[in-house]
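Trainee: Let me begin by handing over the structure; questions about it come next.
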Number of protein chains: 2
Amino acid sequence: MRDFSTDHRWLSINTATLRKQWRLDRIIDECGRRDIRTIAPWRDQVAAVGLAAVARQLRDTGIGLSGYCRGGFYPAADAAGLAAALADNRRALDEACTLGAPCLVLVVGSFPGALQGQPLHHDIARVRAEVRDGIAATLEHARQRGMPLAIEPLHPMQAAERACVNTLEQALDLCDELDPAGTGALGVAVDMYHVWWDPKLASQIARAGRQRLLAFHVCDWLVPTRDLVNDRGMMGDGVIELRKARAAMEAAGYGGHAEVEIFSEHWWSLPGEQVLQTCIERHRSVV
Amino acid sequence: MRDFSTDHRWLSINTATLRKQWRLDRIIDECGRRDIRTIAPWRDQVAAVGLAAVARQLRDTGIGLSGYCRGGFYPAADAAGLAAALADNRRALDEACTLGAPCLVLVVGSFPGALQGQPLHHDIARVRAEVRDGIAATLEHARQRGMPLAIEPLHPMQAAERACVNTLEQALDLCDELDPAGTGALGVAVDMYHVWWDPKLASQIARAGRQRLLAFHVCDWLVPTRDLVNDRGMMGDGVIELRKARAAMEAAGYGGHAEVEIFSEHWWSLPGEQVLQTCIERHRSVV
């Protein structure tokens, strides 16, 4: 297992962690200043600065990506909506290529309208089928571009609004169905916030193996958790056994970054400098 | 599949649903008045009225139980705590026998101290082992008394505070380990609030079969859900496919009650009469 205690070369910052403090160009500068060499930006943050400008800034600073957030959200109420989702995923793929991302992360979506508080139906088998078909369609384009797709299972408490893929096993079943040869074109993003509770976590990480383990996201689960979306904790402040999880990932062949992704009203309310410094310290001490 | 639309003989009221409106003796009276023949009471509600008095009232009114809430909470920080939990579970068993319950529901517990906001450790393998050992010990006494134990998997968002058993598959694996012969002494309580999102729900209900399916709890998952504990919805107000789930339960051999269990600040704020009337109507129309 790699030693993270003496430097932070394997630290990546998911830029949602700082989305309320800074624009993306500032985030990149602040990361560079602290020798954080890797980020995972969100599409809306890229768009706010401009795709070409971000790509140039990354080249100039030598900062790379651990993933691009995000494709997915496949289910829709009608055929036009399904087609629009596929087109949007192709654009996300193009952007990921432009930015040199190692993978496009998929938050697959669930009941149409649910994110707006008005689910148009609640047929979970239907949205799961739409997700499978959507990933299959995107995968064709992704293979052509050489851009791996990383399915991110989300916590079951987000099953209605954001993702109807809720366990690592379910995500890997999709991988086996759509990419039976295990080419590396399709895999999973293991976000510990979403999967820490899973009794099959270790066995499914082992099952995934190097070819399927495309990303490793860290933060912590607070006790108590007060909000279903924006109350994630800093590593070390909750109950997730991060080092044990990283050991399992590495034993299965993963050798990539630990990407800090914290949606938190608390951490968004603090100075960005303090957040980054804490990420660096906790990456060394508890990840 | 049984027709629930013309009467409510298979309706049971979990008395937590009305815990802020009425004491248990009043709940029993109000249920009897509406020809609701079955309830599932909580230990603290029974204690507030007195075990003997509740047993007498149930006999006098002819009202039965669909389950007794609850045993469990096995993990502890030290040997004395583990022993105290076992002793408490034996008392819960005795009470369940006195009340003529068909099963004692187990909410198995998780990190000691977490429910009070101060987890004393976060070794999930340890608490899962303590839960297995605790159920094994309780099962010996339960067999002697002829009182089945129903393991209730709780939603993964409650994995730190309330239960480290979070899927039906995990609960059934425990059943297979501790009661390999499938004697009926150990089974599961399927609470749809906790398991609706599970991609293996249907397959695990089928796996469980009649001997293991000891209880079926209904309410609904609201979109959005604003609280991790006390924001459950009334059947029909959310996204859970209750009728599909009941069909799967019955196909697997379940022929018991649909027990309404709603922890909700909203429903606790309404008159108990209105809550019971709505439970009856929704039981007929959507369960």
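The values are calculated or read from the model by the stated rules, or taken from the named source; none is laboratory data. Just so we're clear, the structure is a prediction, and the values are computed from it rather than from any experiment. As a convention, Cβ positions derive from the backbone with ideal geometry for all residues, glycine included, and neighbour counts pool all protein chains shown. Surface areas here come from the heavy atoms of the whole protein model, side chains and all, with no ligands, DNA or RNA. Shrake-Rupley method; radii C 1.70, N 1.55, O 1.52, S 1.80 Å.
Trainee: In region B:122-136, how many residues are facing another protein chain (nearest Cβ under 10 Å) and either open to solvent by 30 Å² or more (accessible area, probe 1.4 Å) or within 22 Å of B:GLY187 (Cα to Cα) (or both)? Full working, then the answer.
Mentor: Step one: filter region B:122-136 for residues facing another protein chain (nearest Cβ under 10 Å), giving B:122-125, B:128.
Checking which are either open to solvent by 30 Å² or more (accessible area, probe 1.4 Å) or within 22 Å of B:GLY187 (Cα to Cα) (or both) leaves us with B:122-123, B:125, B:128.
Total meeting the criteria: 4.
Trainee: Shifting gears a bit: Take the residues of region A:19-64 that are in a strand (DSSP E or B) and among the small types (Gly, Ala, Ser): which is least open to solvent (accessible area, probe 1.4 Å)? Even if it seems obvious, please write down each step before you answer.
Mentor: Filtering region A:19-64 down to residues in a strand (DSSP E or B) leaves A:38-40, A:42, A:64.
Still in the list and also among the small types (Gly, Ala, Ser): A:40, A:64.
Numbers: A:ALA40: 0, A:GLY64: 29 Å².
Once the filter is applied, the top-ranked residue is A:ALA40.
Trainee: Check region A:190-197 and report whether any residue there is more than 22 Å from A:PHE4 (Cβ to Cβ) and surrounded by fewer than 21 Cβ atoms within 10 Å (Cβ to Cβ).
Mentor: Narrowing region A:190-197 to residues more than 22 Å from A:PHE4 (Cβ to Cβ): A:197.
After this cut, where a residue has to be surrounded by fewer than 21 Cβ atoms within 10 Å (Cβ to Cβ) as well, the list is none.
No - not one qualifying residue is present in region A:190-197.
Trainee: Moving to a separate point now. The conditions are (1) open to solvent by 10 Å² or more (accessible area, probe 1.4 Å); (2) small (Gly, Ala, Ser); (3) within 20 Å of B:ILE262 (Cβ to Cβ), and B:GLY67 fails exactly one of them. Which is it?
Mentor: Against the list (1) open to solvent by 10 Å² or more (accessible area, probe 1.4 Å); (2) small (Gly, Ala, Ser); (3) within 20 Å of B:ILE262 (Cβ to Cβ), B:GLY67 comes up short only on (1).
Trainee: Has region B:201-211 got at least one residue that is out of contact with any Phe, Trp or Tyr (no Cβ under 7 Å at 6 or more places or on another chain), of a type in the set (S, T, N, Q), over 21 Å from B:GLY233 (Cα atoms) and open to solvent by 20 Å² or more (accessible area, probe 1.4 Å)?
Mentor: Taking region B:201-211 first, the residues out of contact with any Phe, Trp or Tyr (no Cβ under 7 Å at 6 or more places or on another chain) are B:201-209, B:211.
Now restrict to residues that are of a type in the set (S, T, N, Q): B:203-204, B:211.
With over 21 Å from B:GLY233 (Cα atoms) added as a condition, the list becomes B:203-204, B:211.
Now restrict to residues that are open to solvent by 20 Å² or more (accessible area, probe 1.4 Å): B:203, B:211.
Scanning region B:201-211 turns up at least one residue that is out of contact with any Phe, Trp or Tyr (no Cβ under 7 Å at 6 or more places or on another chain), of a type in the set (S, T, N, Q), over 21 Å from B:GLY233 (Cα atoms) and open to solvent by 20 Å² or more (accessible area, probe 1.4 Å).
Trainee: Answer yes or no: is there a residue in region B:1-19 that is over 24 Å from B:LEU115 (Cα atoms) and out of contact with any Lys or Arg (no Cβ under 9 Å at 6 or more places or on another chain). Steps first, please.
Mentor: Initial filter on region B:1-19 (over 24 Å from B:LEU115 (Cα atoms)): B:1-13.
Okay, now just the ones that are also out of contact with any Lys or Arg (no Cβ under 9 Å at 6 or more places or on another chain), so B:3, B:13.
Yes: region B:1-19 contains one or more residues that are over 24 Å from B:LEU115 (Cα atoms) and out of contact with any Lys or Arg (no Cβ under 9 Å at 6 or more places or on another chain).
Trainee: Let me ask something else. Please specify each residue of region A:104-119 satisfying the condition of being open to solvent by 10 Å² or more (accessible area, probe 1.4 Å) and either assigned to a loop (DSSP other than H, G, I, E, B) or touching a residue at least 40 places away in the same chain (Cβ under 8 Å) (or both). So that I can check it myself, show each step before the final result.
Mentor: Within region A:104-119, the subset open to solvent by 10 Å² or more (accessible area, probe 1.4 Å) is A:107, A:112-113, A:115-119.
A:VAL107, A:PRO112, A:GLY113, A:LEU115, A:GLY117, A:GLN118, A:PRO119, listed by residue number.
Trainee: When you go through A:ALA92, A:ALA84, A:ALA101 one by one, which is the residue that is among the aliphatic types (A, V, I, L, M), assigned to a loop (DSSP other than H, G, I, E, B), more than 9 Å from chain B (Cβ to nearest Cβ) and over 30 Å from B:THR167 (Cβ atoms)? Walk me through it before giving the result.
Mentor: Values: A:ALA92 fails: assigned to a loop (DSSP other than H, G, I, E, B); A:ALA84 fails: assigned to a loop (DSSP other than H, G, I, E, B).
Only one candidate passes the filter, namely A:ALA101.
Trainee: Right, here's the next one. Within region B:165-189, take every residue that is open to solvent by less than 10 Å² (accessible area, probe 1.4 Å) and within 13 Å of chain A (Cβ to nearest Cβ) and give me the one that is farthest from A:ILE240 (Cα to Cα). Please lay out each step first, then the result.
Mentor: First, pick out the residues of region B:165-189 that are open to solvent by less than 10 Å² (accessible area, probe 1.4 Å): B:165-166, B:168, B:171-172, B:175, B:179, B:186-189.
From the residues that got through so far, the ones that are within 13 Å of chain A (Cβ to nearest Cβ) too are B:165-166, B:168, B:171-172.
Details: B:VAL165: 16, B:ASN166: 16, B:LEU168: 22, B:ALA171: 22, B:LEU172: 25 Å.
Among those residues, the one meeting the criterion is B:LEU172.
Rundown of residues vs (1) among the acidic types (Asp, Glu); (2) away from chain A (no Cβ under 12 Å); (3) under 16 Å from the mean Cα position of the chain (by Cα); (4) open to solvent by less than 40 Å² (accessible area, probe 1.4 Å), yes/no style:
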residue: B:VAL223; (1), (2), (3), (4): no, no, no, yes
residue: B:LEU228; (1), (2), (3), (4): no, no, no, yes
residue: B:ARG232; (1), (2), (3), (4): no, yes, yes, yes
residue: B:ARG243; (1), (2), (3), (4): no, no, no, no
residue: B:GLY272; (1), (2), (3), (4): no, yes, no, yes
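Trainee: Evaluate the following for A:ALA251: is it surrounded by 17 or more Cβ atoms within 10 Å (Cβ to Cβ) and away from chain B (no Cβ under 13 Å)? Full working, then the answer.
Mentor: On the way: surrounded by 17 or more Cβ atoms within 10 Å (Cβ to Cβ): no; away from chain B (no Cβ under 13 Å): yes.
So A:ALA251 fails the test.
Trainee: Additional query: Can you confirm whether A:ALA160 is touching a Phe, Trp or Tyr at 6+ places or on another chain (Cβ under 8 Å), outside any helix (DSSP H, G or I) and away from chain B (no Cβ under 14 Å)?
Mentor: Numbers: touching a Phe, Trp or Tyr at 6+ places or on another chain (Cβ under 8 Å): yes; outside any helix (DSSP H, G or I): yes; away from chain B (no Cβ under 14 Å): no.
Against the criterion (touching a Phe, Trp or Tyr at 6+ places or on another chain (Cβ under 8 Å), outside any helix (DSSP H, G or I) and away from chain B (no Cβ under 14 Å)), A:ALA160 does not qualify.
Trainee: Among A:ARG145, A:ARG162, which is at pLDDT 95 or above, open to solvent by 10 Å² or more (accessible area, probe 1.4 Å), touching a Leu at 6+ places or on another chain (Cβ under 9 Å) and under 29 Å from A:LEU228 (Cβ atoms)? Don't jump to the end; show me each part of the working.
Mentor: Working: A:ARG145 fails: under 29 Å from A:LEU228 (Cβ atoms).
Criteria check complete, one pass: A:ARG162.
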